[in-house]
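A quick write-up on the structure given underneath.
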Amino acid sequence: MNDFEDVYNFEDDEFFYSQWSEKDWKLYLEKADLQVSLFLNLFVSSRNIVNHMDHIALQIGWAKNDCESFPGNFFRSKNDPETIHTHPVTTVTRGLYHFLAKNWEIYLESSKATDLKLCWLYAQLLNNGERNALYGISCMNAGDESLAVCHFKNALQILNFTMDLIQKIPKDTLKINVIFHDALIACFDLREVWLKVMESCKNPDESDDSDDDNEQNHSGDKL
């Protein structure tokens, strides 16, 4: 899951010294949407597999193995910019919230009773949770780690309310029980990714320090 902790660095991106037309950006956004679709398809097919998020990271191109961080993403060419739109955490967040929304639609079609107040509350939770997470990713990429943590904490609190609501809904049929079992899987995946991103924001130099320590240890071994 370390693949989701990486933060893009804009400083050395030569792309921003060139100019793209509106058509170029439209194609770029379409590719970002395709990446979300790819992630969602992989999630649906592997959600019941142990460590399925790590499996998805390998499949989509965010990681080559357990020890190597993701090189970019499946749809991004070397000439494309690194923006919030194609950041892996954005892809995961958008994909899983889309899954939760569709999951709820299936529940409404399967359930005889419709509580309008409950529907409105659930819609608000999904909207506010996704919005805070995306704000957090944007702040993280801008280097505002503390502000990013605040937004991710808000997103996690909202996610907890979402999970609590899901658990309280009556599971009258096997189909409805499966629907909300899948919804909880998506929620737990979101929580796991966000917690790791928050940790990386709080300790941005941790990986660098560990690398330095390893080098010193190896040097000591040689002596």
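The values are calculated or read from the model by the stated rules, or taken from the named source; none is laboratory data. Because the structure is predicted, anything quoted here is derived from the model rather than measured. Note that each Cβ is placed from the backbone with ideal geometry, even for glycine, and that neighbours are counted across all protein chains shown. Ligands, DNA and RNA are stripped out before the accessible areas are found, and what is left, the full protein with its side chains, is counted by its heavy atoms. Shrake-Rupley method; radii C 1.70, N 1.55, O 1.52, S 1.80 Å.
Using 0.36 nm per residue and subtracting the Cα-Cα separation, the extra length available between residue 192 and residue 144 on full extension is 15.2 nm.
Potential lengthening of the chain between residue 178 and residue 37 amounts to 48.6 nm, from the contour at 0.36 nm per residue minus the alpha-carbon distance. Of the residues 52, 98, the one with the largest accessible area comes first in the ranking 98, 52, computed with a 1.4 Å probe on protein heavy atoms.
Of the listed pairs 117/175; 31/102; 102/175, which have alpha-carbon separations greater than 19 Å here?
Working: 117/175 23 Å; 31/102 21 Å; 102/175 15 Å.
117/175; 31/102, as the Cα separations exceed 19 Å there.
Distance between the pseudo-spin-label points of residue 101 and residue 49 (7 Å out from Cα toward the beta carbon): 2.7 nm. For the pair residue 203 and residue 168, what calculated FRET efficiency results from E = 1/(1 + (r/R0)^6), where r is the Cβ-Cβ distance and R0 = 30 Å, to the nearest 0.05? With a Förster radius of 30 Å, E is 0.25.
What Kirkwood radius, in Å to one decimal, follows from the Cα pairs of region 73-167? Please report the intermediate quantities before stating the final value.
On the way: mean 1/r = 0.0676 Å⁻¹.
Hydrodynamic radius (Kirkwood, Cα pairs) of region 73-167 is 14.8 Å.
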